[in-house]
1. Could you tell me which residue of region A:22-40 is nearest to the other protein chains (Cβ to nearest Cβ), considering only residues that are open to solvent by 30 Å² or more (accessible area, probe 1.4 Å) and touching a strand residue (DSSP E or B) at 6+ places or on another chain (Cβ under 7 Å)?
2. Do the conditions hold for residue B:207, that is, is it closer than 18 Å to residue B:131 by Cβ and of a type in the set (Val, Ile, Thr)?
3. Quick one: count up the residues across region B:227-257 that are buried (at least 18 other Cβ atoms within 10 Å of the Cβ), in contact (Cβ under 8 Å) with a residue 40 or more places away in the chain and assigned to a strand (DSSP E or B).
4. In region A:54-87, what count of residues is obtained for those that are facing chain B (nearest Cβ under 10 Å) and crowded, with 18+ Cβ neighbours inside 10 Å?
5. Of all the residues that make up region B:30-68, how many are β-branched (Val, Ile, Thr) and within 14 Å of chain A (Cβ to nearest Cβ)?
6. Suppose we keep only residues that are touching a Lys or Arg at 6+ places or on another chain (Cβ under 9 Å) and within 21 Å of residue A:51 (Cβ to Cβ) within region B:80-125. Which one would you say is most open to solvent (accessible area, probe 1.4 Å)?
7. Taking the criterion of being of a type in the set (D, E, K, R), in a loop (DSSP other than H, G, I, E, B) and at pLDDT 95 or above, would at least one residue in region B:337-349 satisfy it?
8. Identify, please: which residue in region A:41-53 is part of a loop (DSSP other than H, G, I, E, B) and open to solvent by 40 Å² or more (accessible area, probe 1.4 Å) and is, among those, farthest from the other protein chains (Cβ to nearest Cβ)?
Amino acid sequence: MAAVHLPPTLPPLFPGLPRQLEVEATSVDDAIERLNENWPGLRDRLCEPGPVLRPHINVFVDRERAALDTAIGAGSRVDVIAAISGG
Amino acid sequence: MARVIVLAGTRKGCFLLESDVDRREWSVRGPFCEGWPVYHAVHDAETDTIYAAAASEWHGAGVWRSADRGETWELSSEGLTYGADGLKLSKISGLNAAHGRVLAGAEGVGLFESRDGARTWTLMTTLDGQPGRGDWNDPSKQPPGHLGLPGLLAHPDDPDRFWAVVQGYGIFETTDDGASWAPRNRGLRAEWPLDDPEVGYCVHKLVMAPDKTRLYQQNHCGVHRSDDAGQSWTEITEGLPSDFGFAAVAHPHDRDSFYVIPLDAGHGRTMPDGRAAVWRTRDAGASWQRLDRGLPERDAYIGVLREGLATDGLDVPGMYFGTSTGQVFASADEGDSWTEIAGYLPGVASIEVAVVD
């Protein structure tokens with residue numbers, strides 16, 4: 001199980017979605033798919049057609065910059081971070 | 001008892017301003033839509049549902065809906081895509097709810113429809129084959145932020161007939177529910193060279209008079225009237241302080257009355273001389289009347305965007321406009337006098353009005 005940490009902008013869009021949760025997944029894309037199964041539409045908030053991560057969404061696996069195809073190991077920490085932007 | 005709800009789409013979410021039909025005391029609710037920038041919020045009178053087109057810098061574009069007048073909201077973008085090999089969809093620019101469906105105009109240029117209350121969407125057209133189609137999604141041929149299909153006007157009686165405005169190119173009409181289209185820009189003026197005389201016109205806002213035949217528009221180059229549903233256009237700018245502006249609205253009961261908010265055409269694009277005013281014609285553009293009672297008449301460098309002016313359609317119609325600096329002004333007497341009903345909202349992109357029981 002990987003520990004997934006989500007940005008604070010996501011839970012208000014999906015009732016019941018916590019900021020942190022455990023996900024059984026082998027890659028970032030797989031983890032997003034597991035989340036999307038429980039909260040339909042979540043994939044669209046993180047990915048755009050390609051699919052690729054949205055330009056202002058950053059994912060880190062065990063503190064290393066990741067893409068959708070980055071592997072996730074058992075016990076990995078996955079941080080999904082919205083860019084520091086806006087005003 | 002009937003209530004008036006003004007829907008304000010702003011840079012930081014949607015707000016709802018409410019009053020009884022006397023339109024003297026107003027309350028403000030919001031922000032809704034999680035503070036996402038809202039480009040256009042509309043009310044579907046058939047279903048009493050609010051739709052708000054929004055785009056988050058982080059989480060992409062979608063349409064929010066509320067079936068309980070703002071108490072709860074849901075977001076969906078299912079189907080709002082051109083696919084991996086298609087155009088990039090950066091935002092939904094305009095909405096229209098009529099005849100049991102919601103239309104959404106997108107940037108890049110395309111039109112989506114939803115027949116399930118904005119839960120899912122289907123791409124209707126990207127206007128392939130129309131003059132200008134080869135250029136209007138090319139950023140090198142359009143300034144930044146100047147792409148898309150922001151204007152949608154549905155015929156009130158014929159669900160197969162509506163008009164779409166492509167930014168910088170002009171109006172296109174369909175009479176067969178989007179199967180075919182034709183440009184409707186004859187008689188318009190452009191202050192730049194045109195590759196094709198049928199397109200290349202910068203239509204900012206297109207509205208319909210209550211006779212359902214006359215159209216008016218505020219263009220980048222002047223104000224224009226069509227007495228044949230867009231087949232031909234006549235300029236009616238003379239008498240206005242500027243030929244430039246974005247917002248426009250037709251009187252809901254009088255085909256000869258029409259409103260615009262002229263702006264300086266330069267970089268500022270605010271009301272001329274810092275004096276706020278709405279302008280009205282009661283004779284189809286032969287003459288214009290400045291309406292400024294109750295509006296700030298000094299140091300008011302405020303702008304109003306294309307969807308920023310609306311009417312409530314009541315017997316004595318109320319008029320409303322929202323500014324790029326966050327004020328909303330209302331008139332309960334057809335524009336003769338105005339009151340500020342919200343002063344410190346985020347910058348307003350759109351104003352629409354619902355009258356509900």
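1. Filtering region A:22-40 down to residues open to solvent by 30 Å² or more (accessible area, probe 1.4 Å) leaves A:22, A:24, A:26, A:29-30, A:33-34, A:36-40.
Among the residues that remain, those that are also touching a strand residue (DSSP E or B) at 6+ places or on another chain (Cβ under 7 Å) are: A:22, A:26, A:34.
Details: A:22: 23, A:26: 22, A:34: 18 Å.
Once the filter is applied, the top-ranked residue is A:34.
2. Working: closer than 18 Å to residue B:131 by Cβ: no; of a type in the set (Val, Ile, Thr): yes.
The answer is no for residue B:207.
3. Of the residues in that region, 6 qualify.
4. 3
5. Taking region B:30-68 first, the residues β-branched (Val, Ile, Thr) are B:38, B:42, B:47, B:49-50, B:63.
If we keep only those that are within 14 Å of chain A (Cβ to nearest Cβ) too, we end up with B:63.
Here the count works out to 1.
6. B:122
7. Within region B:337-349, the first condition is being of a type in the set (D, E, K, R), and the residues that meet it are B:340.
Those still in the list that are in a loop (DSSP other than H, G, I, E, B) too: none.
No: zero hits.
8. Initial filter on region A:41-53 (part of a loop (DSSP other than H, G, I, E, B)): A:41, A:49-51.
Applying the additional criterion that residues be open to solvent by 40 Å² or more (accessible area, probe 1.4 Å) yields A:49-51.
Numbers: A:49: 4, A:50: 5, A:51: 7 Å.
The residue in question is A:51.
The values are calculated or read from the model by the stated rules, or taken from the named source; none is laboratory data. Since the model is a prediction, treat every value here as computed from it, not as a measurement. Reconstructed Cβ throughout: ideal geometry from the backbone, glycine too, with neighbour counts over all protein chains shown. The protein model used for the area step is the full one, side chains on, heavy atoms only, and it has no ligands, DNA or RNA in it. Shrake-Rupley method; radii C 1.70, N 1.55, O 1.52, S 1.80 Å.
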